[in-house]
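K.L.:
Please find one structure pasted underneath; my questions will follow.
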Amino acid sequence: MPSSLDTNTGKLEVVIAGIGRGGTIAASEFLTDNSDLSELRQAAVAAGNKKNLEVVLSTQIIDGQPGSPKMEATYFW
């Protein structure tokens, strides 16, 4: 089974994390927004549809609340 699939469920494995609560919320929002996922999909196709990826996101935290996530960099292998 490819390493991108969970060995228990056989389904795609996704790990998200942010620096602090706001970063994790922004990362979660990124993965549930069709526009953001379309941008990520385009980057994946351009990289040759490799199996693994890492995405660096940024967001502004204003009064303790995260703003919209922005994709800053991607790495595919």
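K.L.:
Could you say whether any residue in the range 65-75 is aromatic (Phe, Trp, Tyr), surrounded by 15 or more Cβ atoms within 10 Å (Cβ to Cβ) and modelled with pLDDT of 90 or more?
P.N.:
Taking every residue of the range 65-75 in turn, none turns out to be aromatic (Phe, Trp, Tyr), surrounded by 15 or more Cβ atoms within 10 Å (Cβ to Cβ) and modelled with pLDDT of 90 or more.
K.L.:
Scan the range 1-53 for residues that are outside any loop (DSSP other than H, G, I, E, B) and either open to solvent by less than 100 Å² (accessible area, probe 1.4 Å) or within 15 Å of Glu72 (Cα to Cα) (or both) and report the count.
P.N.:
So the count comes out to 25.
K.L.:
From the list Ser38, Ser68, which one is free of Cβ contacts under 8 Å to residues at least 24 places away in the same chain and under 15 Å from the mean Cα position of the chain (by Cα)?
P.N.:
Ser38
The values are calculated or read from the model by the stated rules, or taken from the named source; none is laboratory data. Please read all numbers here as calculations on a predicted model, not as lab measurements. Neighbour counts are summed over all protein chains in view; Cβ atoms, including those assigned to glycine, are modelled from backbone coordinates with ideal geometry. Keep in mind that these areas ignore ligands, DNA and RNA; they rest on the heavy atoms of the full protein, side chains included. Shrake-Rupley method; radii C 1.70, N 1.55, O 1.52, S 1.80 Å.
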